[in-house]
Amino acid sequence: MRKIVECVPNFSEGRNAEVVEQIVGQMEEVAGVRVLDVESDADHNRTVVTLVGPPQAVEEAAFRGIEAAAKRIDMDEHRGAHPRMGATDVVPFVPVRGVSMEECVEMARRLGERVGWELKIPVYLYEAAATRPERQNLADVRRGEYEGLKKEMGSNPDRAPDFGPARIGSAGATAIGARPFLIAFNVNLNSSDVEVAKAIARAVRHSSGGFRYVKALGVPAGGVVQVTMNMTDYRRTPLYRVFEAIRTEAARYGVSVIASEIVGLAPSEALVGAAKWYLGLHDFDDAQILENRLAEDAEDWVPWSTLDAVAAPTATPGGGSVAALAGALAAALVQMHAGLTLGKPAFAEVEPEMQEIRRRAEALRGTLAEAAQEDSDSYGAVMQAFAMPKGTDLEKGTRREAIQKALIYAAEVPMQVARLSVETLELAKRVAAQGNPSCICDSGVAGSMARAAVQGALLNVAVNLKDIKDAGVAESLRAAMEALRQRGEALADELEGLVGERMNAS
């Protein structure tokens, strides 16, 4: 399973489209990252960007966005309805698939340290990444906003940042954290009296005695007023419940709801829940939703999509990704052979071993499949390093260092594919020797695929190795390559012989 992280950086610019495009453009240049949504609000003077991708790429994209915003946004000039304390106000990492909250916390801390010391921007860790309880709540971290923080930082020890200097510049400060998925939900009222919106916000937000998973403020919004909210757990506090509470509270003031909006992306589950409630749907199953049924069948289309992607006239996915997929297919066949041995009386003695093989083969299959994308990402990192500026001696040195780091990473990925494929060969040999003989041909194919995976992966190590300047690293890679090549060939030959013997005996 490919690891996917969501990041939702909020930038303190919602009026200058050119500045927003420049910031987003820097993030989009990172290979593997996909920007799903960019939503700017002129009244809030704020832009919310939603991007997804593998952890390393998303972390790099977040850094580039923060760096670009720091160069283009002056907080001394910034005015807007939404609370803020920095050019990049907040950067949350959200686990989506194959990633734990703990991994997102580590991402937040790495990024915070890098932003603090490379960009000289004070960084506060919040939510799950917070280093102290009073910094878990973003509102507490942002108290006083940019202006208040500027007065207190350096004199109040409680406002000392987690990373970076204890002084604030024109880029302000940034909160970086890890959290579950939340929905930014706003409700507009047909009134220009912001005190009405503030009173309703107090009624629905948790800190004032309202709903447990709601944070809310009352703000002006383009001639009317708005209750702007973060729904921090839409399952436990659904959208429709809060919407109806706002409607009821508004009626007390002779005010009505005129519209609502979701800023950024929202899970379909949250919207379907609202539809079920308002329509009074009885015994409605989510499997009745057309798109859900289509998604269930999506796996049937994946092989063809992969073939199309490889066949396309683009550099990625290429040979490294195909080698990883060959290894994943080999592991899948091993898993299948072990599974077809389990539960049969004739193989009761080897059942514990088959269970172990099956579990490990499943893990290898997932890791190798993920490596197919990681190989493409590593190639993108090399290309990005080569594209770095080289006008000055400093830029040349930075570029050389980045190229070497990217080349080493691009060699390490296929090296890991080769290691895992050799392990797959070891499992294939064990299951071929003791497993159900009716599947022996499948183990033979697994051996052929795993052999190809080892050979293909090592070719990709070699192509990057020739440009690595660090002699120690290069020698270590060469030694590891040769050991894997010899071990892989020996195992594949042994497996091929074993398969031939069992096929002839059956």
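The values are calculated or read from the model by the stated rules, or taken from the named source; none is laboratory data. Because the structure is predicted, anything quoted here is derived from the model rather than measured. We place every Cβ from the backbone using ideal geometry, glycine too, and count neighbours over all the protein chains shown.
Computed quantities for the displayed model
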read-out: Candidate set: segment 118-142, residues that are within 22 Å of Ala70 (Cβ to Cβ) and exposed (fewer than 14 other Cβ atoms within 10 Å of the Cβ); chosen: the one modelled with the lowest pLDDT; value: Glu118
read-out: Pairs, first touching a residue at least 24 places away in the same chain (Cβ under 8 Å) and outside the structural domain of Val99 (by TED's automatic domain parsing) in segment 348-368, second crowded, with 16+ Cβ neighbours inside 10 Å and basic (Lys, Arg), C-beta under 8 Å, six or more apart; value: Glu353/Arg430; Ile357/Arg430
read-out: Whichever residue in segment 458-482 is within 11 Å of Ala411 (Cα to Cα) and either among the acidic types (Asp, Glu) or free of Cβ contacts under 8 Å to residues at least 12 places away in the same chain (or both) and, among such residues, is surrounded by the fewest Cβ atoms within 10 Å (Cβ to Cβ); value: Lys466
read-out: Options Ala266, Ala245: the member that is at pLDDT below 95 and out of contact with any Phe, Trp or Tyr (no Cβ under 7 Å at 6 or more places or on another chain); value: Ala266
read-out: Condition broken by Gly65, with the remaining ones in (1) of a type outside the set (Val, Ile, Thr); (2) assigned to a strand (DSSP E or B); (3) buried (at least 20 other Cβ atoms within 10 Å of the Cβ) satisfied; value: (2)
read-out: Residue within segment 310-327 that is in contact with a Lys or Arg (Cβ under 7 Å, 6 or more places away or on another chain) and of a type outside the set (Asp, Glu) present; value: no
read-out: Residue check for Arg451: in the same structural domain as Ala411 (by TED's automatic domain parsing), part of a helix (DSSP H, G or I), charged (D, E, K, R) and buried (at least 20 other Cβ atoms within 10 Å of the Cβ); value: yes
read-out: Of residues in segment 317-345 being under 19 Å from Ala452 (Cα atoms) and β-branched (Val, Ile, Thr), the one surrounded by the most Cβ atoms within 10 Å (Cβ to Cβ); value: Val334
read-out: Sole residue being modelled with pLDDT of 90 or more and surrounded by fewer than 20 Cβ atoms within 10 Å (Cβ to Cβ), chosen from Arg400, Arg365; value: Arg400
read-out: Verdict on Ala381 being modelled with pLDDT under 90 and either more than 24 Å from the chain's Cα centre (by Cα) or surrounded by 18 or more Cβ atoms within 10 Å (Cβ to Cβ) (or both); value: yes
read-out: Residues located in segment 83-106, provided they are assigned to a loop (DSSP other than H, G, I, E, B) and closer than 19 Å to Cys7 by Cα; value: Arg84, Met85, Ala87, Gly98, Val99, Ser100
read-out: Filter pass, Leu420 being in contact with a Leu (Cβ under 6 Å, 6 or more places away or on another chain), within 20 Å of Gly327 (Cα to Cα) and buried (at least 21 other Cβ atoms within 10 Å of the Cβ); value: yes
read-out: First in segment 265-294 and assigned to a helix (DSSP H, G or I), second anywhere and at pLDDT 85 or above and loosely packed, with under 14 Cβ neighbours inside 10 Å, Cβ under 6 Å, 6 or more apart; value: Lys276/Phe284
read-out: Conditions (1) touching a Leu at 6+ places or on another chain (Cβ under 8 Å); (2) in a strand (DSSP E or B); (3) over 25 Å from Glu127 (Cβ atoms); number of the one not met by Val255; value: (2)
read-out: Failed criterion for Ser256 (all others in (1) without any contact (Cβ under 8 Å) to a residue 12 or more places away in the chain; (2) exposed (fewer than 13 other Cβ atoms within 10 Å of the Cβ) hold); value: (1)
read-out: Inter-residue pairs, beta-carbon under 7 Å, first part of a helix (DSSP H, G or I) and in segment 71-82, second surrounded by 13 or more Cβ atoms within 10 Å (Cβ to Cβ), 6+ apart; value: Arg72/Val19; Arg72/Gln22; Arg72/Ile23
read-out: Residue satisfying condition, being within 26 Å of Asp37 (Cβ to Cβ), basic (Lys, Arg) and outside any strand (DSSP E or B), within set Arg236, Arg202, Arg143; value: Arg236
read-out: Within segment 423-440, tally of residues that are touching a helix residue (DSSP H, G or I) at 6+ places or on another chain (Cβ under 8 Å), surrounded by fewer than 24 Cβ atoms within 10 Å (Cβ to Cβ) and either in a helix (DSSP H, G or I) or of a type in the set (Lys, Arg) (or both); value: 9
read-out: For Thr131: the one exception among (1) assigned to a loop (DSSP other than H, G, I, E, B); (2) within 30 Å of Glu18 (Cβ to Cβ); (3) of a type in the set (S, T, N, Q); value: (2)
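Yes or no, residue by residue, for (1) under 14 Å from Met354 (Cα atoms); (2) without any contact (Cβ under 8 Å) to a residue 60 or more places away in the chain:
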residue: Val413; (1), (2): no, no
residue: Gln416; (1), (2): no, yes
residue: Val422; (1), (2): no, no
residue: Arg430; (1), (2): yes, no
residue: Gly435; (1), (2): yes, no
residue: Cys439; (1), (2): yes, no
residue: Val445; (1), (2): no, no
residue: Ala452; (1), (2): no, no
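Quick grid of which residues meet (1) under 30 Å from the mean Cα position of the chain (by Cα); (2) outside the structural domain of Thr50 (by TED's automatic domain parsing):
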site: Glu147; (1), (2): no, no
site: Gly154; (1), (2): no, no
site: Asp158; (1), (2): no, no
site: Phe163; (1), (2): yes, no
site: Arg167; (1), (2): no, no
site: Ala173; (1), (2): yes, no
site: Ser191; (1), (2): no, yes
